[in-house]
Amino acid sequence: MEKILDKIYKNHKDNEGNIISLLQDIQGELGYIPEDAVAWFSKKLDIPASRFFGIATFYAQFHLQPRGKNVVTTCCGTACHVKGSEKLLNGLVRELGLPEGESTTEDRRFTVEKVNCVGACSIAPVVIVNNKVHGKMTADKLMKEIKQLKEKESED
Ligand code: FES
């Protein structure tokens, strides 16, 4: 990890980047923002770790836990809830074998997230699979998507 952090540090210095761009680079390289990376930069730049964490927890784009290669986001806002998002979510958890309270599979291939209203209520229920928005989602369509992703994963 040290090598990667050093590379990010050099880019950061050359481009006079700010903490946000630094965190984006860390996440871009490592998939999330590990505590060790924050500690490393905190020491290197003489900036308190709390400033990094303050920013990382403020912006939804940053993740402090490892995420899966595939991210499936289920909207659980009111309109989506009424149209059965809970059922979709439960189906996902079952299909991916996620242990209670976990959002990422052990093999780090899938992360399941819940969000509140993505602003597309007219096509509820909405599920976002790897940044692609799927409206009027059904349990069957969702399982098909997941199975395709699993197949793709096993080919890689
Ligand atoms: S509640 Fe799901 S898009 Fe608005």
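Could you check how many percent of all C-alpha pairs in the chain are farther apart than 25 Å?
In whole percent, the share of Cα-Cα pairs in the chain beyond 25 Å is 42.
Compute the Kirkwood hydrodynamic radius of region 2-58, taking the inverse of the mean of 1/r over all pairs of distinct Cα atoms, and give it in Å to one decimal.
Values: mean 1/r = 0.0902 Å⁻¹.
Radius from the Kirkwood sum: 11.1 Å.
Can you tell which of H81, T104, N130 lies farthest toward the positive end of the dipole of region 70-155, using +1 and -1 charges on the Cβ of basic and acidic side chains (Lys, Arg; Asp, Glu)?
Result: H81.
Less than 13 Å Cβ to Cβ from T138, Lys/Arg counted +1 and Asp/Glu -1: what total charge do the surrounding residues give? The partial results should precede the final answer.
Details: positive: K83, K87, K136, K141, K144; negative: D140, E145.
Summing Lys and Arg as +1 and Asp and Glu as -1 gives +3.
Ignoring the sites themselves, what is the longest stretch of the chain with no GluC sites (Glu not before Pro) in a DSSP loop and at most 15 other beta-carbon atoms within 10 Å?
17-99
Rounded to the nearest 20 debye, what is the charge dipole size of the chain about its Cα centre when +1 sits on each Lys and Arg Cβ and -1 on each Asp and Glu Cβ?
460
Quick check on the chain: of the DSSP beta bridges with both residues there, what percent are antiparallel, nearest 5%?
Approximately 55 percent, going by the DSSP bridge assignments.
Which residues' amide hydrogens lie under 5 Å from the amide hydrogen of F110, considering only partners 5 or more residues apart or on another chain, with H built in the peptide plane?
K69, N70, T105
Under a crude label model (7 Å from the Cα following the beta-carbon direction), how far is E86 from E16 in nanometres?
5.4
Quick note: the coordinates plus some simple rules give every number you see, no bench work behind them. Every value quoted in this text rests on a predicted model; they were computed, and no experiment measured them. Note that we place each Cβ from the backbone using ideal geometry, even for glycine, and neighbour counts take in every protein chain shown.
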